[in-house]
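Everything on this sheet refers to the single structure shown next.
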Amino acid sequence: METIIPCVLMRGGTSRGPFFLSDWLPADPVQRDRLLLMAMGSPHALQIDGLGGGNSLTSKVAIVSRSTRPDCDIDYLFAQVSVEKASVDTRPNCGNMLSGAAPFAIEEGLVQAQDGVTSVRVHNVNTGAVIEAVVQTPGGHLTYEGDARIDGVAGSAAPVRLNFLDAWGAVTGRLFPTGRRQDTVDGVAVTLIDAAMPMVLMQAADFGLSGSESAAQLDGNADLLQRIERIRLQAGLLMGLGDVSNSVIPKPVLVAPSPTPDGLALQSRYFTPRACHRAHAATGAVGVASAFLMPGTVAHDCGGPPIQAGYRSVRIEHPSGAMSIDVDLDPVSGVVRRAGLVRTARKIMKGQLYVPGQYTDAPVCVEESHAMA
């Protein structure tokens, strides 16, 4: 017997995937993730028998519901579905897919649209963090049309402003999980940071790179990828995440000084984690920008400024262009107060998803959320 469930396919930032209300899916996490694997067509390099696009950026799922927290409007659970393994990881957040959560919630009746703009407080179930999403609702009606452009996506759309309010140390419990702003792993200086996303920041120069390489160039360097993965696995242990061989966190990032001396900027190559992102993760950009403003990190060593009060805009240069992150640092403690950026989203289609009945017996490796209370 086939399983038939509602489904909305959306682009969120530079990612794409199906969005579901939580009560459209099985309540049991194992059964839910078996269904998601079958729905996406995993494991298969092309995901030919499902909704996935054969790439980690198009093998993502968003699950939304009314929030269980009184201070939030909706709960958002992100799932990274592996392309080539029977694995579903709900430990990380995804800021790009997050940009579609508030529009989806409005359209599905979870949030009432206001005239002008609508602010939606999102509880990220994966990490426990709270994010404010501000969407365009002229006349009390959601619109996807607008003039905002983001590198990595053709055309323009309505802006979705994401303000990360308390994402610092959300997964590991500390902004710098080891208590240090720099560590050495496998002979390489690294910054292990948990700022919107657990990451391993490394300087591209330590790998003989300029930092301006294309994603294809980096993905074609097998020795580089093997060394980065070796460092990532060791970093996972140091960050208290345990064996991360079947998890997509922490994410490795190569940083380098910007060739453009104009303003605060640095180059970043973000891995997902075993291939370079064609653009950049939104959550990853928040963490990289935050580290760039903090003396003592490997990112700050790429031309970061002294600590200064108030918001500062950092340009993150990635393989498809750039994105700007506004970061508010406490000048005394150096702690991030909040950070924000603009993404766009678009509903592509809504309909019924048909999943073969044998999904209930399919094997699955479930990487459960490590959200902090």
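The values are calculated or read from the model by the stated rules, or taken from the named source; none is laboratory data. These numbers were taken from a predicted model, which means no experiment stands behind them. Here the Cβ is made from the backbone with ideal geometry for all residues, glycine too, and neighbour counts use every protein chain on show. Heavy atoms of the whole protein, side chains included, go into the accessibility calculation; ligands, DNA and RNA do not. Shrake-Rupley method; radii C 1.70, N 1.55, O 1.52, S 1.80 Å.
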Search the range 32-52 for residues that are touching a residue at least 40 places away in the same chain (Cβ under 8 Å) and pair each with any residue that is open to solvent by 10 Å² or more (accessible area, probe 1.4 Å) and of a type in the set (K, R) when their beta-carbon atoms are under 7 Å apart and the residues are at least 6 apart or on different chains.
P43/K85
Single match in R338, R274, R269 (criterion: in contact with a Phe, Trp or Tyr (Cβ under 7 Å, 6 or more places away or on another chain) and open to solvent by 10 Å² or more (accessible area, probe 1.4 Å)):
R338
Condition check for L264: out of contact with any His (no Cβ under 9 Å at 6 or more places or on another chain) and either farther than 29 Å from A86 by Cα or surrounded by fewer than 16 Cβ atoms within 10 Å (Cβ to Cβ) (or both)
yes
Quick check, is S59 surrounded by 23 or more Cβ atoms within 10 Å (Cβ to Cβ) and closer than 15 Å to V135 by Cβ?
no
A113 vs. criteria farther than 24 Å from A196 by Cα, part of a loop (DSSP other than H, G, I, E, B) and among the aliphatic types (A, V, I, L, M)
yes
Which pairs have Cβ atoms under 7 Å, sit 6 or more apart or on different chains, and link a residue in the range 208-221 that is open to solvent by less than 70 Å² (accessible area, probe 1.4 Å) to one that is of a type in the set (V, I, T) and assigned to a loop (DSSP other than H, G, I, E, B)?
none
Suppose we keep only residues that are more than 16 Å from A129 (Cα to Cα), part of a loop (DSSP other than H, G, I, E, B) and not hydroxyl-bearing (S, T, Y) within the range 78-93. Which one would you say is most open to solvent (accessible area, probe 1.4 Å)?
E84
Members of the range 23-65 that are part of a strand (DSSP E or B), over 23 Å from C276 (Cβ atoms) and β-branched (V, I, T)
I63, V64
For I249, are the conditions met, namely being closer than 24 Å to R337 by Cα, open to solvent by 40 Å² or more (accessible area, probe 1.4 Å) and β-branched (V, I, T)?
no
Matching residues in the range 284-333 - criterion: being farther than 19 Å from Y270 by Cα and hydroxyl-bearing (S, T, Y):
Y311, S313, S333
State whether one or more residues within the range 144-158 are in a strand (DSSP E or B), within 17 Å of the chain's Cα centre (by Cα) and modelled with pLDDT of 95 or more.
no
Residues located in the range 142-177, provided they are without any contact (Cβ under 8 Å) to a residue 12 or more places away in the chain and either in contact with a Phe, Trp or Tyr (Cβ under 7 Å, 6 or more places away or on another chain) or open to solvent by less than 50 Å² (accessible area, probe 1.4 Å) (or both):
G155
Is at least one residue of the range 36-54 over 15 Å from the mean Cα position of the chain (by Cα), closer than 17 Å to H123 by Cα and open to solvent by 50 Å² or more (accessible area, probe 1.4 Å)?
no
Here are the criteria: (1) under 21 Å from H277 (Cβ atoms); (2) open to solvent by 20 Å² or more (accessible area, probe 1.4 Å); (3) in a strand (DSSP E or B). Tell me which single one E132 does not satisfy.
(1)
Please state which of the following conditions V355 fails to meet, knowing it meets all the rest: (1) farther than 27 Å from I106 by Cβ; (2) at pLDDT 80 or above; (3) β-branched (V, I, T).
(1)
So which residues in the range 197-213 are under 14 Å from V298 (Cα atoms) and of a type outside the set (A, V, I, L, M)?
Q203, D206, F207, G211
Can you find, within the range 348-364, the residue that is least open to solvent (accessible area, probe 1.4 Å) among those that are within 15 Å of L25 (Cβ to Cβ) and in contact with an Asp or Glu (Cβ under 7 Å, 6 or more places away or on another chain)?
V355
